[in-house]
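Trainee: Mind having a look at this structure? Questions to follow.
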Amino acid sequence: MKQQVFILNGPNLNMLGKREPGIYGATTLSDIEAMCRAEGEVLGVDIEFRQSNHEGDLVNWIQEAGERRALVLINPAAYTHTSIALHDAIRAAGVILVEVHISNIHARESFRHHSYVSSLAKGVLCGFGVDGYVMGLRALIKLAPQ
């Protein structure tokens, strides 16, 4: 049975390609999904790719990933900086997780410098654009117990 990887995307990432292209570029979330699915084929893993603008959906999916023993690659977007609920869900589910951000959150507004997710992540990638997703997926597979 192939290892499952949940790739979870938070609020406003459905607007990629339209939203602030100077920061996020022209690549859409569908483009990122295709990149991740192609890399998943190479790595031999099954990809569950999801996006929601609702915090509770992300919490439910993290819990589901824990129940299914799936690995998690997450771009929590704005919830990175605000969601204790995501932090608690990750801790409770015991998932192996890598956090990814398209922009360098540390080079942006000061309120973006803190993450409620990072302390629970095996690693954090930010500022590598959409390539960070594939980099994060590769790292996640290497960090997972065999």
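Since every read-out is calculated from the coordinates, none of them should be taken as a lab result. Quick caveat: nothing in here was measured; it's all calculated off a predicted structure. Because the Cβ atoms are built from the backbone with ideal geometry, glycine has one as well, and the counts that use them run over all protein chains shown.
Trainee: Which of the peptides 130-141, 14-25, 30-41, 85-96 is most tightly packed, and how do the rest follow, judged by the mean count of other Cβ atoms within 10 Å per residue? Numbers along the way, then the final one.
Mentor: Details: 130-141: 20.7, 14-25: 13.2, 30-41: 16.3, 85-96: 18.2.
Order by mean packing, descending: 130-141, 85-96, 30-41, 14-25.
Trainee: Separate question: Run lengths n ≥ 4 of DSSP H only: what is the helix-derived mean residue ellipticity at 222 nm for the chain, with -39500 (n - 2.57) per run over all residues, to the nearest 500?
Mentor: Computed ellipticity for the chain at 222 nm equals -11500 deg cm²/dmol.
Trainee: Setting aside same-chain residues fewer than 8 positions from residue 142, which lysines have a Cα under 30 Å from its Cα?
Mentor: 2, 122
Trainee: Right, something else. Go through the range 91-99 residue by residue and turn each phi into a ³J(HN,Hα) via Karplus (6.51, -1.76, 1.60, θ = phi - 60°); whole Hz please, and just put x for glycine and proline.
Mentor: Coupling constants for the range 91-99: 4, 5, 6, x, 6, 8, 9, 10, 9 Hz.
Trainee: For the pair residue 4 and residue 142, how long in nm is the line joining their label points, each one 7 Å along Cα→Cβ?
Mentor: 2.6 nm
Trainee: Further question: Determine the principal axes of the Cα atoms in the range 52-121, then give the extent along each, sorted from largest to smallest and rounded to whole angstroms.
Mentor: 36, 20, 17
Trainee: Please check which bits of the range 132-146 a label hung off residue 69 would reach, taking the label as a point 7 Å along Cα-to-C-beta and the cut-off as backbone N under 18 Å.
Mentor: In the range 132-146, the label zone of residue 69 (backbone N under 18 Å from the point 7 Å along Cα→Cβ) covers 141-146.
Trainee: Then there is this: What nm value, rounded to one decimal, do you get for the distance between residue 78 and residue 31 when each label is placed 7 Å out toward the C-beta?
Mentor: Label-label distance for residue 78 and residue 31, simple model: 2.3 nm.
Trainee: In whole Å, largest first, what are the principal axis extents of the Cα atoms in the chain?
Mentor: 41, 31, 23
Trainee: Using amide H atoms built 1.01 Å from N in the peptide plane, name the residues 5+ places from residue 73, or on other chains, whose amide H lies under 5 Å from its own.
Mentor: Here 6, 7, 8, 98 satisfy the definition.
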